[in-house]
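**Q** Dumping the structure here so I can ask a few things about it.
The values are calculated or read from the model by the stated rules, or taken from the named source; none is laboratory data. A quick note: this is a predicted structure, and the numbers were derived from the prediction, not measured. Note: ideal-geometry Cβ built from the backbone for every residue, glycine included; neighbour counts use all protein chains shown. These area figures cover heavy atoms from the full protein model, side chains too; ligands, DNA and RNA do not enter into them. Shrake-Rupley method; radii C 1.70, N 1.55, O 1.52, S 1.80 Å.
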Amino acid sequence: MTFTFPPDFLWGTATASYQVEGAVHEDGRTPSIWDTFCERSGTIADGSSGAVACDQYHRYREDIELMQELGVGAYRLSISWSRIIPEYRGPVNDKGVQHYRRVLQALRDAHIRPVVTLYHWDLPQYLQDRGGWAVRETAEEFERYADVLARELGELVDTWTTLNEPWCSAYLGYGSGVHAPGIQDYGQALAAAHHLNLAHGLAVQAIRRRLGDEAKVSVTLNLQVCRAASASPADMRAKEQSDLFANEIWLGPMFDGRYDPRLLQSTEGISDWAFVHHGDMETIRQPLDSLGINYYSTMYVRQREHDLVTASARPAGPYSSPMPAQEGVEVLPPEGQLTAMGWNQEPEGLRDLLVEMSKRYPGLQLMVTENGSAWDDTVENGGSPFGGEIVHDPHRVTYLEEHIKAVAEAIDEGAPVSGYFAWSLLDNFEWSLGYGKRFGILRVNYDNQERIWKDSGLRFREIVRGNAI
Ligand code: IFM
């Protein structure tokens, strides 16, 4: 059976500045927390960094040509904050601005809509030196940064996304410490979560002040599909706890203007939430044009009777229990065929999530801003329809097809899904896992920066061009 997507459905691919740009010392950019984190021994699996990455800073034109070949109508990219404002409260760096103006203009010339994320984890190091997301000032500086971007790039951007996956910034950056800045303090993680929420609200206001209500503004959350291992009340409570920390901590303030009181109760002894100031909830809750959802896999939880699950007890991978939960939540080992990240594959989770969000927030447009899978690819000589090497990646093709079908099913059930972005356009720097995990629908040969087609890229091209699965 063929499903045809709505005529204006937006197909795209996604990347993030530190994962693809490289050129970390060029044109006035100063270090971000990821530059610093990568220098610390033992933080990155292969000892690498984003210093060169996919060299997209210099090769964006070539990559845009590849996007044109794919036929996509949008590219989701992020801006490096320390390229735009390299010093604490310093002047705007014109070279940084001009670089992004060139990239955005080139996308527009190619009829590809830029979906721009303001913050995809590369906090300027000078702000971390002052406390990072654990302090309120970072949210206030983010407001200025958003205002600068709206002023300098406003007419070139199609959709603004304030934050990408604040879950990772807060819990992995300040809780488990497996991401930059590598802090292990759950009190700070909760403060970071609130300041990220606040930064989101302040940025939406700043963008709308500059560009008016026509500006399209969104946020991207990696909402987690937490499933209870059984229908027992204890396991259902474990699911509720997971939902609170994974999802409600963002959805509550951003869309409902409140933190769920159970969240506050569950963190007694970790934080008194004194960082929430009078008026913050009104600031955070801003009308949005769409909600971006990043989806990879599901998570099964059950209640653990006697002790607490801490970060160190969590299985590897970012999509598991984020916090020591009061009543003890155990994340079950993933089952079935796992991706190279060790994540399960459950396309129905994406459908369920989209349908659930559409019921919870009627009228809000939803976009799948990331979806994809990492596999251990091998390159074969010859066979690419464009000449040269090819990667046959049947697992990634199946994952892609199954998840796009899940999006189709959600639309069929009434969810207003307006776009799908494959993660990722290119293999890239997979944070603390380095270059070993490849998510691209195009391969990158890191020796010479050659882009190599994969079967998944060819299959995506077919789906995009046909607007159907
Ligand atoms: O590479 C990341 C991306 O930066 C954020 N979402 C998940 C991807 C895969 O782990």
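**Q** Rg and Dmax of the chain over Cα atoms: what are they, in angstrom?
**A** 20.8, 63
**Q** On alpha-carbon atoms, Rg over Rh for segment 133-212 using Kirkwood Rh?
**A** 1.05
**Q** List the extent of the Cα atoms of segment 375-422 along each of their three principal axes, largest first, rounded to whole Å.
**A** 45, 21, 13
**Q** Hey, which aspartates and glutamates would be in cross-link range of K216, C-alpha to C-alpha under 14 Å, not counting anything within fewer than 8 residues on its own chain?
**A** Those aspartates and glutamates meeting the cut-off are E155, D158, D289.
**Q** Just to be sure I understand the model, the point goes 7 Å from the Cα along the line to the Cβ. What's the resulting E389 to E69 distance in nm?
**A** My value for the distance between the label points is 1.4 nm.
**Q** Is there a pair in K239/K437; K95/K437; K359/K405 whose C-alpha atoms are over 26 Å apart, and which pairs would that be?
**A** Result: K239/K437; K95/K437 exceed 26 Å.
**Q** Rounded to a whole number, what % of the accessible area of segment 149-241 do carbon and sulfur atoms account for, probe 1.4 Å?
**A** 49
**Q** Mind jotting down a quarter of the surface of the convex hull over the alpha carbons of segment 137-273, in square nanometres, one decimal?
**A** Average of the hull's projected areas for segment 137-273 equals 9.6 nm².
**Q** Let me ask something else about it. Within segment 111-162, list the trypsin sites (Lys or Arg not before Pro) lying in a DSSP loop whose Cβ has at most 16 other Cβ atoms in a 10 Å radius.
**A** Loop-located and lightly packed - R130.
**Q** Right, here's the next one. Shape verdict for segment 237-294, please, from the Cα gyration tensor: rounded (a/c under 1.5), prolate (a/b greater than b/c) or oblate.
**A** The shape class here is oblate.
**Q** Given 0.36 nm per residue, what is the gain on full extension from E39 to E282 after removing their alpha carbon distance, in nm?
**A** Contour length minus Cα-Cα distance gives 83.5 nm.
**Q** Something else: Per the helix-only calculation at 222 nm, which mean residue ellipticity applies to the chain, given -39500 (n - 2.57) for every DSSP H run of n ≥ 4 and division by its residues, nearest 500 deg cm²/dmol?
**A** Using -39500 (n - 2.57) per qualifying helix, the result is -10500 deg cm²/dmol.
**Q** Taking just the alpha carbons, could you work out the radius of gyration and Dmax for segment 46-97, both in angstroms?
**A** Values for segment 46-97 (Cα only, Rg and Dmax): 14.5, 41 Å.
**Q** On to the next question. Kindly report the accessible area of segment 22-156 per residue (heavy atoms of protein chains, probe 1.4 Å, no ligands, DNA or RNA), in Å².
**A** 37
**Q** For segment 387-455, just the Cα atoms, rotate onto the principal axes and tell me the three extents in Å, largest first.
**A** Computed over segment 387-455, the largest-to-smallest principal extents equal 46, 31, 19 Å.
**Q** So if each residue of separation counts as 0.36 nm, and I subtract the Cα-Cα distance between R258 and K95, what length gain in nm does that give?
**A** Here the answer is 54.6 nm.
**Q** Here's a follow-up. Quick query: amide H of Y300 versus all other amide H atoms, modeled in the peptide plane; which residues come in under 5 Å with a sequence gap of 5 or more or a different chain?
**A** Here the answer is R227, L332, since their amide H atoms fall under 5 Å of that of Y300.
**Q** Could I ask something else about it? Which three semi-axes in whole Å describe the equivalent ellipsoid of segment 1-105, each the square root of 5 times a Cα gyration tensor eigenvalue, listed largest first?
**A** 30, 19, 12
**Q** Whole number please: convex hull volume per residue of the Cα set in segment 195-246, in Å³?
**A** Expressed per residue, the convex hull around the Cα atoms of segment 195-246 is 90 Å³.
**Q** Using Cα centres only, tell me the gap between segment 126-174 and segment 424-469 in whole Å.
**A** So the two Cα centres are separated by 27 Å.
**Q** State, in angstrom, two size descriptors of segment 61-200 derived from its alpha carbons: Rg to one decimal place and Dmax to the nearest whole number.
**A** 16.0, 47
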